[in-house]
Amino acid sequence: MAGPYAVRPLEEATWPAFADLVERNGGIFGGCWCMGFHPAPDAEERLIPKPERKLARVRAGTAHAALVFEGEECVGWAQFGHPDEVPRIKNLAEYRKELTTLPDWRIACCYVGRGHRRQGVSTAAIAGALDLIAGLGGGTVEGYPESADAVPAGFLYHGALSTFEKLGFARDRPIGKHRWVVTTTVVPR
């Protein structure tokens with residue numbers, strides 16, 4: 001990737017860098033560990049700490065993300081997956097009202113670590129996710145970004161609408177006061 005960043009997939013080999021980013025940033029959004037969009041855990045699974053649950057998903061191949069590196073330090077990511085891997089999107093009831101067909105992929109969450117925001121990390125992460133999706137067979141991709149002027153940068157966990165549009169996504173429909181469904185099609189490589 002051009003510029004100061006490299007993008008690598010979330011996998012066992014990159015797990016330590018991902019975990020370091022999460023830990024440096026207080027567990028992300030109150031200790032989410034980017035588990036909030038995965039299927040809801042059952043009572044037994046809830047007893048397992050989130051880092052262990054996330055790592056188990058990585059090992060099983062059911063947790064995908066484009067990790068953005070500056071040198072050897074992971075500074076952000078974009079989580080993506082099939083709808084059954086990341087089913088719990090925000091504004092789900094509103095989303096379902098006009099749903100005709102599920103996408104092949106969802107970009108469910110974006111995160112940029114403190115000290116790296118507004119420096120192109122989110123753009124690199126989303127572009128990296130699209131590239132990884134192309135390598136996994138491509139298809140229709142949805143995102144659920146928010147209008148950046150309505151949400152502080154540290155809370156744009158779905159990404160900024162302008163970033164998605166810059167990367168070729170088109171607005172499909174609003175599903176919240178400041179949130180949109182956006183779509184694009186990725187050609188497999």
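The values are calculated or read from the model by the stated rules, or taken from the named source; none is laboratory data. Predicted model only: the values in this text are computed from it and were never measured. Positions of Cβ are generated from backbone atoms using ideal geometry, with glycine treated the same way; all protein chains shown enter the neighbour counts.
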Given the conditions (1) under 16 Å from the mean Cα position of the chain (by Cα); (2) surrounded by fewer than 17 Cβ atoms within 10 Å (Cβ to Cβ); (3) of a type in the set (D, E, K, R), report the number of the one that E23 does not fulfil.
(1)
Which of the numbered conditions does I89 fail, given that it passes all the others? Conditions: (1) touching an Asp or Glu at 6+ places or on another chain (Cβ under 7 Å); (2) aliphatic (A, V, I, L, M); (3) modelled with pLDDT under 95.
(1)
Take residues that are under 23 Å from G31 (Cα atoms) and either over 17 Å from the mean Cα position of the chain (by Cα) or β-branched (V, I, T) (or both) and tell me which of the helices (runs of 4 or more DSSP H) falling wholly in segment 82-189 contain 2 or more.
121-135
Among the residues of segment 47-60, are any crowded, with 16+ Cβ neighbours inside 10 Å and outside any helix (DSSP H, G or I)?
no
Those residues of segment 21-46 which are over 20 Å from F80 (Cα atoms) and outside any loop (DSSP other than H, G, I, E, B), in sequence order:
E23, R24, A43, E44, E45, R46
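Could you say which residue among T163, T184 is among the hydroxyl-bearing types (S, T, Y) and out of contact with any Gly (no Cβ under 8 Å at 6 or more places or on another chain)?
From the options T163, T184, the qualifying one is T163.
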Just one of A134, A160, A124, A129 is crowded, with 16+ Cβ neighbours inside 10 Å, at pLDDT 95 or above and over 16 Å from E85 (Cα atoms); which is it?
A124
So which pairs qualify, if the first residue must be in segment 108-128 and closer than 9 Å to A78 by Cβ, the second must be polar (S, T, N, Q) and surrounded by fewer than 24 Cβ atoms within 10 Å (Cβ to Cβ), the Cβ gap must be under 9 Å, and the two must be at least 6 apart or on different chains?
C110/T163; Y111/N25; S122/T163; I126/T163
Residues satisfying the stated conditions in segment 137-189, i.e. closer than 15 Å to R106 by Cα, out of contact with any strand residue (DSSP E or B) (no Cβ under 6 Å at 6 or more places or on another chain) and touching a residue at least 60 places away in the same chain (Cβ under 8 Å):
none
Matching residues, segment 86-118, being among the aliphatic types (A, V, I, L, M) and either over 21 Å from P41 (Cα atoms) or surrounded by 11 or more Cβ atoms within 10 Å (Cβ to Cβ) (or both):
V86, I89, L92, L99, L102, I107, A108, V112
Tabulated pairs, segment 52-63, first more than 13 Å from H38 (Cα to Cα), second surrounded by fewer than 13 Cβ atoms within 10 Å (Cβ to Cβ) and of a type in the set (D, E), C-beta under 8 angstrom, 6+ apart or interchain:
R59/E12
